[in-house]
Amino acid sequence: MILAPSNNNFDLSPDFSVLDLQDDFVVINKAPGVDVHRDGDEPGICEKVAEALNLPELYLVHRLDKVTSGLLILARTSESCAQLAQLFKEKTIQKYYLALADKKPKKKQGWIKGDMQRSRRSSWKLVNSQHNPAVTQFFTTSVTPGIRAFLLKPLTGKTHQLRVAMKSLGAPICGDLLYSDAQQASDYDRTYLHAYVIAFELKSVSYRYCAQPEQGGEFLTPQFLAAVEQWCTPETLSWPS
């Protein structure tokens, strides 16, 4: 297995740091507020990383919301992009996220399941039907009075899935202007959602990457770091059945 902890990063841009450069892919730790797609004259993340690494082209395998930080895989060839995309389709890539909320959730661990429907603005909502449900497992732990950390394991890959899941628990993500009270969310310096660990097997080689959050005052406190130490290897936890 190839392990790439976050202390192996090399920073090439304020928008991202590079965790690993393989023949088939690049793994980066994306900063919050950086769009993966081109936005007007602003290049997308593939263009930015390719230019920084002097690579001819990179391909987006999966996505993170603009407000979300953390691990992102970029393929180096169209062939490897197709192979990695197939792993996501087959749900053999394990992904784990960290989040913070300042509201008490309806439950402290378990499953969040339900279909997702379009709601107002550009948002989504979770409904009770189970035709093509978004599925998420989670744990929580207390950080400080009034602040809880969440370890989230999405088993599907729906748009805004984790943000909607947190709202459905009655504990929207701190700083999420779309899914929580905008006035309260604006008190935070970012949306507190981070792609933390990703693990997969490609061409008979196992890869595992872990990236701690690098931005956001609440993510950098000693209390948060101590609280989530128990989640340093989320693959080994006894997840709710």
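Throughout, read-outs are computed from the coordinates displayed, never taken from laboratory work. Fair warning: this is a prediction, and the values are worked out from it, not measured in the lab. All Cβ positions, even for glycine, are placed from backbone atoms using ideal geometry, and neighbour counts span all protein chains on display.
Farthest toward the positive end of the dipole of the chain, out of Leu87, Leu126, Thr141, is the Cα of Leu126, where the dipole comes from beta carbon charges about the Cα centre. In the chain, helical runs assigned H by DSSP with n ≥ 4 each contribute -39500 (n - 2.57); averaged across all residues and rounded to the nearest 500, the mean residue ellipticity at 222 nm is -4500 deg cm²/dmol. Cβ crowding within 10 Å ranks Asp115, Asp41, Asp65 as Asp41, Asp115, Asp65, fewest other Cβ atoms first.
Extending 7 Å from Cα along the Cβ direction at Leu225 and again at Lys125 yields two label points whose distance is 4.2 nm.
Restricting the GluC sites (Glu not before Pro) of region 18-94 to loop positions (DSSP other than H, G, I, E, B) with no more than 14 neighbouring Cβ atoms within 10 Å leaves Glu57, Glu90. As a calculated quantity, the FRET efficiency between Lys91 and His37 at R0 = 25 Å, using C-beta atoms, amounts to about 0.55. Beyond 32 Å in Cα-Cα separation lie the following of the pairs Lys66/Lys113; Lys125/Lys203; Lys167/Lys203; Lys48/Lys104; Lys30/Lys203; Lys48/Lys91: Lys125/Lys203; Lys167/Lys203; Lys48/Lys104.
As I understand it, the value is the acute angle between the Cα axis of helix 78-89 and the longest principal axis of the Cα atoms of the chain; what does it come to in degrees, rounded to 10? Approximately 20 degrees, to the nearest ten. Short-range pairs are left out: with C-alpha atoms under 8 Å and at least six residues apart, the relative contact order of region 84-163 is 33 percent. Overall, the chain carries a charge dipole of about 1400 debye about its Cα centre when +1 sits on the Cβ of Lys and Arg and -1 on the Cβ of Asp and Glu, all other atoms neutral. Under the criterion of Cα pairs below 8 Å and six or more residues apart, the relative contact order for region 2-234 equals 20 percent. Just so you know, the Rg over Rh for the chain is 0.94, from Cα atoms, with Rh as the Kirkwood radius. Cβ crowding within 10 Å ranks Arg121, Arg63 as Arg121, Arg63, fewest other Cβ atoms first. Karplus-derived 3J(HN,Hα) values for region 53-58, using 6.51 cos²θ - 1.76 cosθ + 1.60 with θ = phi - 60°, are 9, 6, 9, x, 6, 9 Hz; glycine and proline are entered as x. Just to be sure I understand: with springs between alpha-carbon atoms less than 10 Å apart, which residue in Asp35, Asp24, Asp187 has the highest mean-square fluctuation in the Gaussian network model of the chain? Result: Asp187 has the largest fluctuation of those listed.
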